[in-house]
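Engineer: Below you will find the structure I want to go over with you.
The values are calculated or read from the model by the stated rules, or taken from the named source; none is laboratory data. Bear in mind that the values here come from a model prediction, so they are computed numbers and not experimental data. Cβ: placed from backbone, ideal geometry, glycine included. Neighbour counts: every protein chain shown.
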Amino acid sequence: MDYLTISGKNYFGSYKYVRKACRAFIIKDDMILTSYESKSSHYMLPGGGLEEGESDDECIIREVNEETGIIIEPLE
């Protein structure tokens, strides 16, 4: 499992809290699946916050299904 720290132009040097999240790279025919967040006008990888007692795999399966309707099987 790899971990990333992502900071965009909305990062101001400190966080009020940290929440663990899972994101998926879903690749088909040399294209990467993204979703569009209209509130922030950003494209994002599907995924979201880890719920209490949930594994990383359970989180990403649930989040991708909630956001896209696709049922995935994580590879890594």
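Engineer: What pairs can you find where one residue is in the stretch 42-63 and free of Cβ contacts under 8 Å to residues at least 12 places away in the same chain, the other is among the polar types (S, T, N, Q) and not in a loop (DSSP other than H, G, I, E, B), and their Cβ atoms are less than 8 Å apart, with a gap of 6+ or different chains?
Structural biologist: 43/35
Engineer: Across the stretch 65-76, which residue is modelled with the lowest pLDDT among those that are on the phi < 0 side of the Ramachandran plot and surrounded by fewer than 11 Cβ atoms within 10 Å (Cβ to Cβ)?
Structural biologist: As a first pass, look at the stretch 65-76 and keep what is on the phi < 0 side of the Ramachandran plot: 65-68, 70-76.
Next cut, surrounded by fewer than 11 Cβ atoms within 10 Å (Cβ to Cβ) only: 71, 73, 75-76.
Numbers: 71: 94, 73: 93, 75: 88, 76: 72.
Once the filter is applied, the top-ranked residue is 76.
Engineer: If you scan the stretch 14-39, which residues turn out to be in a loop (DSSP other than H, G, I, E, B), of a type in the set (D, E, K, R) and either modelled with pLDDT under 85 or surrounded by 13 or more Cβ atoms within 10 Å (Cβ to Cβ) (or both)?
Structural biologist: Pass one, the stretch 14-39, residues in a loop (DSSP other than H, G, I, E, B): 14-20, 24-26, 29-30, 33-34, 38-39.
Adding the requirement that they be of a type in the set (D, E, K, R) leaves 16, 19-20, 29-30, 39.
The answer is 16, 19.
Engineer: Related question: Among the numbered criteria (1) modelled with pLDDT under 95; (2) surrounded by 10 or more Cβ atoms within 10 Å (Cβ to Cβ), which single criterion is violated by residue 62?
Structural biologist: Failed condition: (1).
Engineer: Do you know which of the residues in the stretch 40-59 that are in a loop (DSSP other than H, G, I, E, B) and hydrophobic (A, V, I, L, M, F, W, C) is surrounded by the fewest Cβ atoms within 10 Å (Cβ to Cβ)? Break it down into steps so the answer makes sense when it comes.
Structural biologist: Quick first cut of the stretch 40-59, residues in a loop (DSSP other than H, G, I, E, B) only: 40-41, 45-46, 50-55.
Applying the additional criterion that residues be hydrophobic (A, V, I, L, M, F, W, C) yields 45, 50.
On the way: 45: 16, 50: 18.
Result: 45.
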